[in-house]
1. Kindly point out which whole DSSP H helices in the chain project their C-alpha atoms 30 angstrom or further along the helix axis while averaging a Kyte-Doolittle hydropathy of -1.0 or above.
2. At a 1.4 Å probe, what is the % contribution of carbon and sulfur to the accessible area of the stretch 1-41?
3. Using a Gaussian network for the chain with springs between C-alpha atoms less than 10 Å apart, which of these wobbles most: PRO43, PRO120, PRO63?
4. Say the dipole of the chain comes from +1 at the beta carbon of Lys and Arg and -1 at that of Asp and Glu; which of PHE10, MET25, LEU126 then lies farthest toward its positive end?
5. For the stretch 17-108, take N as its residue count and report Rg(C-alpha) divided by 2.2 N^0.38 Å.
6. Can you tell me the accessible area per residue over the chain, all protein chains present, probe 1.4 angstrom, in square angstrom?
7. Carbon and sulfur together cover what percent of the accessible area of the stretch 56-101 at a 1.4 Å probe radius?
8. In square angstrom, rounded to the nearest 10, how much accessible surface does VAL108 have for a 1.4 Å probe?
Amino acid sequence: MGMISEFKKFAMGGSLVEVAIAFVMGMAFNTVIKAFTGGIVSPLLGYLLGVDLMSLKKVLREPVMAMNEAGIPVETVSEISVMYGAFIMAIIDFILIAFVCFMVIKSVLKKDPNAAPATPANEVLLGEIRDLLKK
């Protein structure tokens, strides 16, 4: 029973719950960024460059077509291609997400100019030892 209660304490601990909430928010934010790049950035870049970025690919092997019994062309061997346009969009997604995360962290960790400088850990430890020796 000790292991189950220990796991419950771990699972309900503040840091794990906060990480889970951050993960869910990150997934939602990823969806927003993908919609932004797919619906706004990609068409604008495509318009400026004169090509749809998502359709950019290098075909390594063309598909092979054959006729079936009914005389309808059927693809017997699929096309093999490198979809580098989708990769470019994924890089743009990553850069946007990384930039927003950087801005959020920078605003959260913004230092107060009036705050006293932090005391080094070794000085704090020495002060505690001094206080204990006085007792």
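The values are calculated or read from the model by the stated rules, or taken from the named source; none is laboratory data. The shown structure was predicted, so the numbers you read here are calculated from the model rather than taken from an experiment. Using ideal geometry, Cβ is built from the backbone for each residue, glycine included, and neighbour counts are taken over all protein chains shown. With ligands, DNA and RNA removed, areas are computed over all heavy atoms of the protein, side chains included. Shrake-Rupley method; radii C 1.70, N 1.55, O 1.52, S 1.80 Å.
1. Flagged H segments are 14-36, 84-108.
2. 79 percent
3. Maximum among the listed residues: PRO120.
4. Going by the Cα projections, it comes out as LEU126.
5. So the stretch 17-108 has a normalised radius of gyration of 1.62.
6. Counting only protein heavy atoms, the per-residue value for the chain is 85 Å².
7. Carbon and sulfur atoms account for 72 percent of the accessible area of the stretch 56-101.
8. 110 Å²
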